[in-house]
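Take a look at the structure below.
The values are calculated or read from the model by the stated rules, or taken from the named source; none is laboratory data. What you see is a predicted model; the values in this text were computed from it and never measured. As a convention, Cβ positions derive from the backbone with ideal geometry for all residues, glycine included, and neighbour counts pool all protein chains shown. The protein model used for the area step is the full one, side chains on, heavy atoms only, and it has no ligands, DNA or RNA in it. Shrake-Rupley method; radii C 1.70, N 1.55, O 1.52, S 1.80 Å.
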Amino acid sequence: PYSVEDAKRQLESLPGWRLSGGDKRIRRDWTVKNFMAGMRFFEAVAKVAEEDQHHPDLHLEGYRNVWIELWTHAIGGLSENDFILAAKIDRLPVEEKKK
């Protein structure tokens, strides 16, 4: 598992992601346009995750608030794979709510 210091260094290149779960996970939140936008985003994430065989926790609350948590279950903490998948997720289109 990555140390907290190593994880923080990795997060410097992943804007919007932060430590969560007692510093053993990383999380990012989005506010999407509507429920279906959230579902489309999750479907795109699922495809990338399945290709990598690394599966995040996907959350949808209040029909437009989505967040993703990543960690490596087998080691109970963060690994390089988590940060790689986070970077791939960041390249996916997200229909965010206009501010």
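Here Leu58 meets each of (1) of a type in the set (A, V, I, L, M); (2) open to solvent by 40 Å² or more (accessible area, probe 1.4 Å); (3) under 19 Å from Lys98 (Cα atoms); (4) in a strand (DSSP E or B) with one exception, condition (3).
Being farther than 14 Å from Ala7 by Cα, surrounded by 15 or more Cβ atoms within 10 Å (Cβ to Cβ), under 14 Å from the mean Cα position of the chain (by Cα) and of a type in the set (Phe, Trp, Tyr) is a description that applies to Phe42.
For every residue, the table says whether it meets (1) open to solvent by less than 70 Å² (accessible area, probe 1.4 Å); (2) among the polar types (S, T, N, Q); (3) closer than 14 Å to Tyr2 by Cβ.
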{"residue": "Met36", "(1), (2), (3)": "no, no, no"}
{"residue": "Lys47", "(1), (2), (3)": "no, no, no"}
{"residue": "Gln53", "(1), (2), (3)": "no, yes, no"}
{"residue": "Val66", "(1), (2), (3)": "yes, no, no"}
{"residue": "Lys88", "(1), (2), (3)": "yes, no, no"}
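Within segment 1-55, the set of residues being within 16 Å of Leu78 (Cα to Cα) and among the charged types (D, E, K, R) comprises Glu5, Asp6, Lys8, Arg9, Glu12, Arg18, Asp23, Lys24, Arg25, Arg27, Arg28, Asp52.
If you check Arg28, Arg9 for being of a type in the set (Lys, Arg) and over 17 Å from Glu69 (Cβ atoms), only one passes: Arg9.
Filter segment 68-86 down to the residues that are in a loop (DSSP other than H, G, I, E, B) and touching a residue at least 60 places away in the same chain (Cβ under 8 Å), then identify the one that is surrounded by the most Cβ atoms within 10 Å (Cβ to Cβ).
Within segment 68-86, the match that is surrounded by the most Cβ atoms within 10 Å (Cβ to Cβ) is Leu78.
Restricting segment 90-99 to residues that are out of contact with any Ser or Thr (no Cβ under 7 Å at 6 or more places or on another chain), in a loop (DSSP other than H, G, I, E, B) and charged (D, E, K, R), the residue that is most open to solvent (accessible area, probe 1.4 Å) is Lys99. If I go through segment 1-21 residue by residue, how many of them are open to solvent by less than 100 Å² (accessible area, probe 1.4 Å) and part of a loop (DSSP other than H, G, I, E, B)? Selection size over segment 1-21: 8.
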